[in-house]
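The block underneath contains the structure these notes are about, expressed in structure tokens.
The values are calculated or read from the model by the stated rules, or taken from the named source; none is laboratory data. Source: prediction; values computed, not measured. Cβ: placed from backbone, ideal geometry, glycine included. Neighbour counts: every protein chain shown. Note: accessible area is taken over every heavy atom of the protein model, side chains too, but ligands, DNA and RNA are not part of it. Shrake-Rupley method; radii C 1.70, N 1.55, O 1.52, S 1.80 Å.
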Amino acid sequence: MTVKPPLRRRAHIVARSLCAAIARRPARDEDGPTVIRHSSELRSLLMVLTLTEIPVAFLVSGILPPPARPFHALLELAFVLTGFGVLAAIVRHPHTVSRSRVVLRTGFMGELDLPRGTVRSAGRTLRTIEGRGLRRVPGEPSAVACSLGSTVGVRLRLDPPVALDLGDGAGTDVDTVYVSADTADAFTRALGGWAGPRTAR
């Protein structure tokens, strides 16, 4: 389990993911797990914002005084590369289900690694849980959310409950995990049977 890595670690994940995407290096799946994509709405929004920023940068640069243009160009370049880096981190860090583990990821905000046998079921849900990364769920002391955004669409039931320490000094026996997934049924199919590496859609 990784609870919200420090800023330097997050920046490293984003930069490494961007470099891997540019080099077209495939993600390493040593255990051959089923891949379950997540955060599609956030990915779409980030893509639109990042692509929109490119022509806007040229327009703004045209009205700036010449001495300021190099600094503006560097700032815009950093912004655009960060946007593509975050997108790459989300795509290259999906949820995975294998024979032995269920790993829930948020791209660059931490992950939750669960024994395969404890995840008994997956069901559709739609709710907003404020925050990012691995966090507690208000009003549900035995539940946590593991998502990059505040919107979650899948509820996983754990049996037996898993003891977690979310870094606040208070251990919790968790029996419910809320996550984001592009297709809610992907978890149900993946948990229903595992027959080698594939991507659930």
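See the values below:
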| read-out | value |
| --- | --- |
| Apportionment of accessible area to carbon and sulfur, the chain, percent (1.4 Å) | 60 |
| Interatomic Cα distance distribution for the chain, bins of 5 angstrom, percent | 1, 7, 14, 18, 18, 14, 10, 6, 4, 3, 2, 1, 0 |
| Residue-averaged 222 nm ellipticity for the chain, from DSSP H runs of 4+ at -39500 (n - 2.57), nearest 500 | -12500 deg cm²/dmol |
| Euclidean distance of C-alpha centroids, segment 94-116 and segment 1-23, integer Å | 16 |
| Positive-end residue of Ser147, Thr118, Pro161, charge dipole of segment 96-161 with Cβ unit charges | Thr118 |
| Relative contact order (%) - the chain, alpha-carbon pairs under 8 angstrom, separation at least six | 25 |
| Range in the chain, longest, excluding exposed GluC sites (Glu not before Pro) [loop by DSSP; at most 14 other beta-carbon atoms within 10 Å] | 31-129 |
| Estimated dipole of the chain in Debye, rounded to 20 [Cβ of Lys and Arg +1, of Asp and Glu -1, Cα centre] | 460 |
| Most mobile of Asp168, Asp185, Asp113 in a GNM of the chain (Cα contacts under 10 Å) | Asp168 |
| Loop sites in segment 92-201: chymotrypsin sites (Phe, Trp or Tyr not before Pro), DSSP, at most 14 other Cβ within 10 Å | none |
| Accessible-area ranking of Leu191, Leu81, Leu64, largest first, probe 1.4 Å | Leu81, Leu64, Leu191 |
| Average accessible area per residue (Å²) across the chain - probe 1.4 Å, nucleic acids and ligands excluded | 55 |
| Positive-end residue of Gly192, Gly85, Ala21, charge dipole of the chain with Cβ unit charges | Ala21 |
| Net charge, Leu112 excluded, C-beta distance under 15 Å - Lys, Arg +1, Asp, Glu -1 | +4 |
